[in-house]
Structure formats: C-alpha cells, structure tokens
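*Asks:* Once you've had a glance at the structure underneath, I'll fire off some questions.
Taken together, the values in this text are just the output of simple stated rules run on the coordinates, not laboratory data. Bear in mind the structure is a predicted one, so any value in this text is a computation, not a measurement. Every residue, glycine as well, gets a Cβ built from its backbone with ideal geometry; the counts of neighbours run over all protein chains shown.
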Amino acid sequence: MDKFTRSDLPNQTAFPIANAGYALIIGAAFATAVLALLGLTTLTLVGLVITFCICGFFRDPDRIIPDEKGIIVSPADGKVILTDLMDDTPFFSGQTMKISIFMSVFNVHVNRVPYDGRIKKIDYHPGKFFSANLDKASLENEHNAVFIEMDNGKPLCVVQVAGLIARRIICRIQPGDHVIRGQRFGLICFGSRLDVYLPADIKLRVAPGDKVKAGTSILGHFESPRP
C-alpha cells in the first residue's frame, strides 16, 4: 500500500484561502457592497464575479503528500512545459535537470517544497514581466531563487518566476530553515511559472505536456545506492 503524509496541519475551513488573498477579497467585497447599496445592479454583478474570481485564485487546498523514499514532488500546480538536461546555469553548477511548470490564472498558486532539506540561501532578482511560458522568462523576469540542501546531501533550487500579469512573489521561508517535502513556502500572484533545478541523476516521471499538482505529483526520484 502506498504511504502518504501531511506536511502542514489541515485547514479548519471548507474553502481554505491563502492569507495573502484576504486583503484583496475584503476590498473587492466591500466595493461590491457599496455598489449594491447605490443600486448599481450591473456593476454589483461585475463586482460579485470579480470577488469570486479572486477567492478562486487564492484557494489553498490541503494536500496529501506521497511518502515514497527519494521522490521529488512538484512545487506548483500547472503544466510541465520543459524538461531539459543543461550545463552550468546561474542557479546550479555543472549538469542539471531543469523542469519548468507554467501556472495559468486558473491554477492553485500556493508553492510547496519539493524535498526535505535545509534552506541554504534565497536570492531575489527584480526584472521584466514577459509571459511566463517563454524560455527567456527564466532569467529576464523578476524571480526568487530558493536554494535547498536536501537531506540526501544533494543540491536543489526552486525558482519562483513572475509572469506577464504577476506582480508579487511571496516567499515565507528563510535561510537556515529546515523544510519538509510538500510544505507550503510561498505564492506568486496571478499567473507565473516555477523552475526546478535538480542533479542530473534524477529519474524523471514527467514529460512536457503533463499536468501536475503541488505536493502530490511526483516529478522524479533518486535511486537508492546499492548496498
């Protein structure tokens, strides 16, 4: 039987919302209420739609994390748009496997840790706002790189990349923190992508075109050394 675990305590509400969304939701709901009091029916209906859309964007469902040894789970919901073996990159020296996941505005945008480990450093870089599905977005867009030393001793880097309409990257972990697989660590507002840089010996379980979910979908695994 497959084993699963929880990385965070379960939410206590039927429709959990990420904390970052409450201010926008309350603002949209208040504006809608004012429009309703003024008797502006059409604008009130538009306000209701916008409020519900914001609620949908900031939804933060609980996830059950697979507990298989040596696996890397997806840090984001979305579509795999790239799996490529690369040479030196700004985020990883030597050969590395890069996996890119594109998140549309319809995906859950809460980001999760791919593997147990310790945060080595976090590098934030301001930049441009090209469409997140373009290759040049990885380096030229605003991005936040999270470097993790995995418990198996290998390095890993997760890069939160802003998109065309994304204007806020949220990261709630700090260097020195110990993190566990599937743990929530951040969020990118309104469409974006995540790039994952892994050691070249990773055995992939995904390919471009696959749809993945943060914390539950397995991107790949490391083979256990033979005794």
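*Asks:* Suppose only helical runs count, i.e. DSSP H with n ≥ 4. What mean residue ellipticity at 222 nm does that imply for the chain under -39500 (n - 2.57) per run, divided by all residues and rounded to the nearest 500 deg cm²/dmol?
*Replies:* Dividing the helical sum by the residues of the chain leaves -5000 deg cm²/dmol.
*Asks:* Across the chain, where is the longest run that never hits trypsin sites (Lys or Arg not before Pro) in a DSSP loop with at most 10 other C-beta atoms within 10 Å? List each step's numbers first, then the result.
*Replies:* Details: sites that count: 3, 69, 136.
Here the longest run is 137-227.
*Asks:* Between the helical axis of 41-57 and the dominant principal axis of the chain, each derived from Cα atoms, what acute angle in degrees is found, rounded to the nearest 10?
*Replies:* With both axes taken from Cα atoms, the answer is about 20 degrees.
*Asks:* Oh, and also: Roughly what would the spin-label model give for residue 64 and residue 124, points 7 Å off Cα along C-beta, in nm?
*Replies:* Roughly 3.7 nm, to one decimal.
*Asks:* Another question, then. Give the separation of the Cα centroids, the stretch 34-63 to the stretch 86-129, in Å.
*Replies:* Value for the Cα centre distance between the two parts: 32 Å.
*Asks:* Which of the chymotrypsin sites (Phe, Trp or Tyr not before Pro) across the stretch 59-126 are loop residues per DSSP, with 14 or fewer other Cβ within 10 Å?
*Replies:* 106
*Asks:* Then there's this: Nothing charged except the Cβ atoms of Lys and Arg (+1) and of Asp and Glu (-1): what's the magnitude of the dipole of the chain about its Cα centre? Round to the nearest 20 debye.
*Replies:* So the magnitude is around 300 debye.
*Asks:* Angle between the Cα long axis of helix 22-37 and the longest principal axis of the chain, 0 to 90 degrees, nearest 10?
*Replies:* 20 degrees
*Asks:* What's the longest bit of the chain with no exposed GluC sites (Glu not before Pro), using DSSP loop states and at most 16 other Cβ atoms within 10 Å as the test?
*Replies:* Of all site-free stretches, the longest is 69-222.
*Asks:* My understanding is that a pair violates if its Cα-Cα distance is over 21 Å; which of 98/121; 120/154; 79/154; 154/203; 98/154 do that in this structure?
*Replies:* Check vs 21 Å cut-off fails for 79/154.
*Asks:* Still on this structure, I have one more. Relative contact order of the chain, please, whole-number percent, based on alpha carbon pairs below 8 angstrom and at least 6 residues apart.
*Replies:* 25 percent
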